[in-house]
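**Q** Got a structure for you, questions after.
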Amino acid sequence: MTTPRPAGAWHRTARAAGLLAPDGSVAPTIFAEMSALAASTGAINLGQGFPEDDGPEFVREAAVSAIRAGVNQYPPGPGTPELLRAVAQHQERRYGLHVDPTSEVLVTAGATEAITATLLALCEPGDEVVTLEPFYDSHAAAIALAGAVHRTVPLRRAAVSTSTDVREHSAGREHAEPPARFALDVDALRAAVGPQTRIILVNTPHNPTGTVLTREELEEIAAVARRHDVIVVTDEVYEHLTFDGAEHVPVATLPGMADRTVTISSAGKTFSLTGWKIGWLHARADLVTAIRTVKQYLTYVNGAPFQPAVALALTDPRGEEAVQALASSLARRRDLLCDGLVTAGFDVVVPQGTYFVVADGAPLGYDDGVDLARRLPELAGVVGVPVSAFCRAGSETAALFRSSIRFTFVKTEASIERATRQLAAMGGR
């Protein structure tokens, strides 16, 4: 007698995330695989984007104080009032968005839950969700979990960078335009959105490419959304981590978009507190009600002592100073890593934001990024993540990024300096 194989949404979710092997077994995520490889080989982990430095001390101490003060039981379902107000104040102060904290904000267990709850709440089986490609892997998984159909729009390299360009850019030209960027394929966007489209899911600043969509690109997305009467869901977790004068433009600030946008962000990336898992979303009240209806059956609530600490981080001037310092530090570390990758022989597109840089191994003779990622610990004592893991298997975009690796620079300068020395040695082999 054989044990029946479990059926259900897990199967399509694993398939969508690229975890389902031909024999039906489920592989670990590429992040887990690469992190395990780093641990087993002692390689420097430039694959998974978690900071090596903790966030601001005053924020961490506020969480400790909250624990000691007894803030250890269930918080209110929508979130603690002070954090709801802080999110609303932040959006008005930074972007001029008027948000009602009592009905238009929802605290979530990180941005991942916010995205998943939104798709589960707003999609019917068979609805289409359009994303950029490459895409963060949880986006594909959440779409599949909702029973929706995933359509993608490629980001294409808009120019060809050279080693000289990258070094000049890295040398510190203020507000210089990157020598290359990954740009939205507007024609593909218009072709992808149609009568079955329910949601356009936008991630900017973008993981994994580090591109920051321009106002013009976002206006094209907004125009398509209005034309087809669809909701735009925005993953803006890197909103404060932009470089060289690149402007982050929330879609909700564009004409006619405040009432048809669900804006999602979190404290994890902004304040280097990724383990706290405090995220939030805001949207018009009926959308928030729909999403909260689903979210309450996922985590219900989370992070009681962390919520007042994050509220403090969003409202205290020291929080703003910490964010600016982090962005400046990341720009320096980005330049350090990009220079090292160029020296090693990679073709690099200098990112405008996020934690990540995409580097093409083809000039080194490696046309398979997956193979290169698995060999890098031996070749250079460094771990990265193949960009094809962020693409649909067999897609045009997967082919375009086949030889590319995503590296993170949200590590200490000492770690990056050591990694670049080892990568440079690889280039000389």
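**Q** Can you name every residue in segment 411-421 that is open to solvent by less than 70 Å² (accessible area, probe 1.4 Å) and within 17 Å of residue 348 (Cα to Cα)?
**A** Scanning segment 411-421 gives 416, 419, 420.
**Q** How many residues are touching a His at 6+ places or on another chain (Cβ under 9 Å) and loosely packed, with under 15 Cβ neighbours inside 10 Å when one looks only at segment 391-410? Walk me through how you get there before you give the answer.
**A** Initial filter on segment 391-410 (touching a His at 6+ places or on another chain (Cβ under 9 Å)): 392.
Still in the running and loosely packed, with under 15 Cβ neighbours inside 10 Å: none.
Result for segment 391-410: 0.
**Q** Being without any contact (Cβ under 8 Å) to a residue 60 or more places away in the chain and either of a type in the set (A, V, I, L, M) or farther than 23 Å from residue 36 by Cβ (or both) is the filter here, so list the residues in segment 352-379 that pass it. Walk me through how you get there before you give the answer.
**A** First, the residues of segment 352-379 that are without any contact (Cβ under 8 Å) to a residue 60 or more places away in the chain: 359-363, 365-372, 375, 379.
Within segment 352-379, 359, 360, 362, 363, 365, 367, 370, 372, 379 qualify.
**Q** Shifting gears a bit: Find the strands (runs of 3 or more DSSP E) located wholly in segment 223-293 whose residues include 1 or more that are at pLDDT 95 or above and within 21 Å of residue 56 (Cβ to Cβ), and list them. Don't jump to the end; show me each part of the working.
**A** Values: elements: 231-235, 261-266, 279-282.
In segment 223-293, 261-266, 279-282 are the strands (runs of 3 or more DSSP E) which contain 1 or more residues that are at pLDDT 95 or above and within 21 Å of residue 56 (Cβ to Cβ).
**Q** Could you look through segment 195-206, keep only residues that are in a loop (DSSP other than H, G, I, E, B) and open to solvent by less than 10 Å² (accessible area, probe 1.4 Å), and pick out the one that is nearest to residue 235 (Cα to Cα)?
**A** From segment 195-206, those in a loop (DSSP other than H, G, I, E, B) are 195-196, 204-206; that's our starting set.
Next, only the ones that are open to solvent by less than 10 Å² (accessible area, probe 1.4 Å) stay: 204-206.
Numbers: 204: 7, 205: 8, 206: 9 Å.
If we take residues in segment 195-206 being in a loop (DSSP other than H, G, I, E, B) and open to solvent by less than 10 Å² (accessible area, probe 1.4 Å), then 204 is nearest to residue 235 (Cα to Cα).
**Q** Now a separate question. Just to check your reading of the model, which residue among 129, 107 is in a strand (DSSP E or B) and more than 19 Å from residue 292 (Cα to Cα)? Steps first, answer last, please.
**A** Details: 107 fails: more than 19 Å from residue 292 (Cα to Cα).
Just one listed residue meets the conditions, 129.
**Q** Count, please, the residues in segment 294-319 that happen to be within 25 Å of residue 261 (Cβ to Cβ), open to solvent by 60 Å² or more (accessible area, probe 1.4 Å) and not in a loop (DSSP other than H, G, I, E, B).
**A** Result for segment 294-319: 1.
**Q** Now, a different point. Can you tell me which residue within segment 85-116, out of those that are polar (S, T, N, Q) and closer than 18 Å to residue 240 by Cβ, is least open to solvent (accessible area, probe 1.4 Å)?
**A** That would be 91.
**Q** Report whether or not residue 56 is open to solvent by 20 Å² or more (accessible area, probe 1.4 Å) and under 26 Å from the mean Cα position of the chain (by Cα). Step through it out loud before you land on a result.
**A** Values: open to solvent by 20 Å² or more (accessible area, probe 1.4 Å): yes; under 26 Å from the mean Cα position of the chain (by Cα): yes.
Yes: the conditions hold for residue 56.
**Q** Taking segment 1-53 on its own, how many of its residues are of a type in the set (Val, Ile, Thr), modelled with pLDDT of 90 or more and buried (at least 16 other Cβ atoms within 10 Å of the Cβ)? Break it down stepwise before answering.
**A** Residues of segment 1-53 of a type in the set (Val, Ile, Thr): 2-3, 13, 26, 29-30, 41, 44.
Those left that are additionally modelled with pLDDT of 90 or more: 41, 44.
Keeping just the survivors that are buried (at least 16 other Cβ atoms within 10 Å of the Cβ) gives 44.
Final tally of qualifying residues: 1.
**Q** If you scan segment 333-356, which residues turn out to be out of contact with any helix residue (DSSP H, G or I) (no Cβ under 6 Å at 6 or more places or on another chain) and either open to solvent by 10 Å² or more (accessible area, probe 1.4 Å) or of a type in the set (A, V, I, L, M, F, W, C) (or both)?
**A** Of segment 333-356, the ones out of contact with any helix residue (DSSP H, G or I) (no Cβ under 6 Å at 6 or more places or on another chain) are 334, 341, 346, 349, 351-356.
Answer for segment 333-356, where residues must be out of contact with any helix residue (DSSP H, G or I) (no Cβ under 6 Å at 6 or more places or on another chain) and either open to solvent by 10 Å² or more (accessible area, probe 1.4 Å) or of a type in the set (A, V, I, L, M, F, W, C) (or both): 341, 346, 349, 352, 356.
**Q** Among the candidates 374, 402, single out the residue that is assigned to a loop (DSSP other than H, G, I, E, B) and either within 29 Å of residue 237 (Cβ to Cβ) or of a type in the set (Asp, Glu) (or both). Spell out the reasoning first.
**A** Details: 374 fails: assigned to a loop (DSSP other than H, G, I, E, B).
Answer to the selection: 402.
The values are calculated or read from the model by the stated rules, or taken from the named source; none is laboratory data. In this text the structure is predicted, and so the values were computed from the model without any measurement. So basically every Cβ, Gly included, is an ideal-geometry build from the backbone, and we count neighbours across all protein chains shown. Accessible surface is based on the protein model in full, side chains and every heavy atom, while ligands, DNA and RNA are left aside. Shrake-Rupley method; radii C 1.70, N 1.55, O 1.52, S 1.80 Å.
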